[in-house]
Amino acid sequence: MKTFKKKNIEVAVEIRNKMLSWNEVNKLLRREFNNKKENKDFHDIGYKIELVNKLFNCNLNMDKREIAHEIQQLKIDSKFDVMKPEQLVKEIAKIQPSFYKRHVGFVFSSKYCHFHYPNKFPIYDRYARNALSNLLGKSKSYYESNYTQFKKDLDDLISNLSWKSSYKEMDTYLWLYGQWIVYKKYIDDESELKKRFSHRIRNFIKNHIELFFELDSK
């Protein structure tokens, strides 16, 4: 396991606060999910699906109406308090619209649940998986399609810290650190960086490179 300090989290929060568009997206999602907390109305559910998909890059290239209908049928409002978070995420992740080979998956499911209850559901995506596996000395594929193990290990990490942290802080850190791992790997290969990052993200990292180096400073 890599050495992990409070300073690493503080740097991640500092970087996040400089990413104005990222902050605005988060504020928008939290506001809209608070305004439409329940999952009973088909149109409200569909609206929230579109927001998460477009603003948090879930790549749901499938029928959103059918996904909304399936979530409506799951009656998840009654399950938030009684079902284990990882079980509910898995239940939503298994939704598979007709004529599509893919399920909606853990990336969308974790984000959809997260914006209802940020303190119960950590966000799971490729950057978070990569970051956590790197921190804990696991293989890159260790958390592939395994939200339960991801959440368990993240919970263990947080509980063993010498300071109080939250999913919000850890989500921020894992998202940024996960990108930084990839960026460092190709830092001298501009063509590879262009394949993996948008022009905006590449420029942002370049302009704040010293802060990013502090994400994994000892």
*Prolate/oblate/rounded call for the stretch 36-114, Cα gyration tensor, a/c under 1.5 rounded*: rounded
*Where labels lie 7 Å past Cα in the beta-carbon direction, separation of VAL182 and TYR100 in nm*: 2.1 nm
_What does the charge count around LYS111 come to, taking other residues whose C-beta lies under 11 Å from its C-beta (Lys +1, Arg +1, Asp -1, Glu -1)?_
-1
*Gaussian network model of the chain, Cα within-10 Å springs - most flexible of LEU60, LEU132, LEU20*: LEU20
*Among LYS206, LYS195, LYS40, which one shows the biggest mean-square fluctuation in a GNM of the chain, springs joining Cα atoms closer than 10 Å?*
LYS195
_I'm checking a number: the convex hull volume of the Cα atoms of the stretch 85-170, normalised per residue, in Å³. What is it?_
87 Å³
*Linear extension gain, TYR117 paired with ASN160, 0.36 nm per residue minus alpha-carbon span*: 13.2 nm
*asked:* Can you compute the modelled spin-label distance between GLU190 and ARG30, with each label point 7 Å from Cα toward Cβ, in nm?
replied: 3.8 nm
*Which order results if PHE204, PHE121 are arranged by neighbouring Cβ count within 10 Å, fewest first?*
PHE204, PHE121
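How would TRP163, TRP180, TRP175 line up from fewest to most surrounding beta-carbon atoms within 10 angstrom? List each step's numbers first, then the result.
Working: TRP163 9, TRP180 25, TRP175 19.
Ranked by crowding around the Cβ, least crowded first: TRP163, TRP175, TRP180.
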_Cα→Cβ-extended label distance, 7 Å offset, between SER141 and LYS206, nm_ = 3.5 nm
_the chain, dipole about Cα centre (Lys/Arg Cβ +1, Asp/Glu Cβ -1), debye to the nearest 20_ = 160 debye
*Based on other C-beta atoms within 10 Å, arrange ARG129, ARG200 from fewest to most.*
ARG200, ARG129
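Can you give the relative contact order of the chain as a percent, counting alpha carbon pairs under 8 Å and 6+ residues apart?
25 percent
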_Order 25-34, 63-72 from most to least packed using the mean count of other Cβ atoms within 10 Å._
63-72, 25-34
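Only the coordinates and a few stated rules stand behind these numbers; no lab work does. The model shown is predicted, which means the values in this text are computed figures rather than measured ones. Every residue, glycine among them, receives a Cβ derived from its backbone with ideal geometry; neighbour counts consider all protein chains shown.
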